[in-house]
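Chemist: I'd like to ask you about the structure that follows.
FYI, it's all coordinate maths here, none of it is from the lab. The model shown is predicted, which means the values in this text are computed figures rather than measured ones. Cβ placement follows ideal geometry from the backbone for every residue including glycine, while neighbour counts extend to all protein chains displayed.
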Amino acid sequence: MTLIELIAHSSERLESAGVCCAQGTTHAFDEAAWLVLWRLGLPLDSLDEHAERAVAPADLQAAHDLVTQRIASRRPAAYLTGEAWLQGVPFFVDERVIIPRSLIAEPLAEGVLDAWLPDEPKTVLDLCTGGASLAVLAALAWPEARVLATDLSADALAVARLNVERHGLAERITLAQGDGLTAAPGRFDLILCNPPYVNAASMAALPPEFRAEPALALDGGADGMVFVRGLLAEAGHHLNAGGVLVLEIGHERKHFDAAFPGLPVVGLPTSAGDEQVLLLEAAQLK
Ligand SMILES: C[S@@+](CC[C@H](N)C(=O)[O-])C[C@H]1O[C@@H](n2cnc3c(N)ncnc32)[C@H](O)[C@@H]1O
């Protein structure tokens, strides 16, 4: 069997088992390619190069077993491989944190945020940092910036520390534990926040892959807006003049608009449309 045949077969197995592919991939073929390439010790971007190569029997068995594990456990691929990629940057991941996939990474890495800022940001807050993926991407995007990355979860911060060290950014990224903005005194040029925002009805219907992630990272209360309400009440006092808050709300735009009627926001374009990541200017938040 060739590598491409193995991946196609694995993809069919994942699909017919009904696994959910939404935490780093968007469909079964990509999920199968990720698992198989990783198990065979091949770079994840090397499929084209190796597609027609014959797979040795021991490797076939190893890949088959990993796909079986994915199906039987319904644990997301990133928890099985211990790694996730965002905007081409690798992050260590385990069950202590949500798997990095924030849409905020797109406008951040593509330079879209620069157009909204008077200057390159010198101070950035990554509020609800999880494994620090957005903090790391911000530090890489703006080499002069100092980043404060905060989270309520000590477990998440332990993973964040591994990622900050992995990317050699401990000089510029500070980690702090605490509830919301209480852990982030002072003002910032830019606040990034991918908070828990899943509403109660959606939480009750989550597929097993999402239930494998920490509930604290997802659960946004009845309308998904519990954390966001507290944030918007205070954010204006934590932004410098000309600063902006970039907030992910996922599929909760209806709940956001109901909770904050008339609040001027800009929907930033992402691969999932322009309703899921919102930009709010300091002047509008005061
Ligand atoms: C959706 S995850 C985002 C993680 C990371 N920023 C990312 O995009 O992958 C939300 C994070 O918020 C944290 N969190 C939940 N409630 C919090 C609170 N009251 N204060 C600070 N962090 C909180 C969770 O521990 C989790 O790491």
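Chemist: Grab the other residues whose beta carbon is less than 15 angstrom from that of LEU245, score K and R as +1, D and E as -1, and report the net. Each step should come with its number before you reach the end.
Modeler: On the way: positive: ARG187, ARG229, LYS286; negative: ASP126, ASP189, GLU234, GLU248, GLU281.
Taking every other residue near LEU245 into account, the sum is -2.
Chemist: Here is a further query. Could you tell me which GluC sites (Glu not before Pro) in the range 67-145 are loop residues by DSSP with no more than 16 other beta carbons within 10 angstrom of their beta carbon?
Modeler: Of the GluC sites (Glu not before Pro), the ones in loops of the range 67-145 whose Cβ has at most 16 other Cβ atoms within 10 Å are GLU95, GLU110, GLU144.
Chemist: Helix 154-166 versus the longest principal axis of the chain: what is the Cα-based angle in degrees, 0 to 90, to the nearest 10?
Modeler: Between the helix axis and the principal axis of the chain, the angle is about 80 degrees.
Chemist: Report the local net charge at ALA170: Lys and Arg +1, Asp and Glu -1, summed over other residues whose C-beta lies under 14 Å from its C-beta.
Modeler: Result for the neighbourhood of ALA170: +2.
Chemist: Here is a further query. State the percent of C-alpha pairs, over all pairs in the range 131-201, separated by a distance greater than 15 angstrom.
Modeler: In whole percent, the long-distance tail amounts to 53.
Chemist: Given an 8 Å cut-off on Cα distances and at least 6 residues of separation, report the relative contact order of the chain as a percent.
Modeler: Numbers: 542 pairs, mean separation 41.4, N = 286.
Result for the chain is 14 percent.
Chemist: Still on this structure: Three principal axis extents, largest first, for the C-alpha atoms of the range 94-285, in Å?
Modeler: 43, 39, 31
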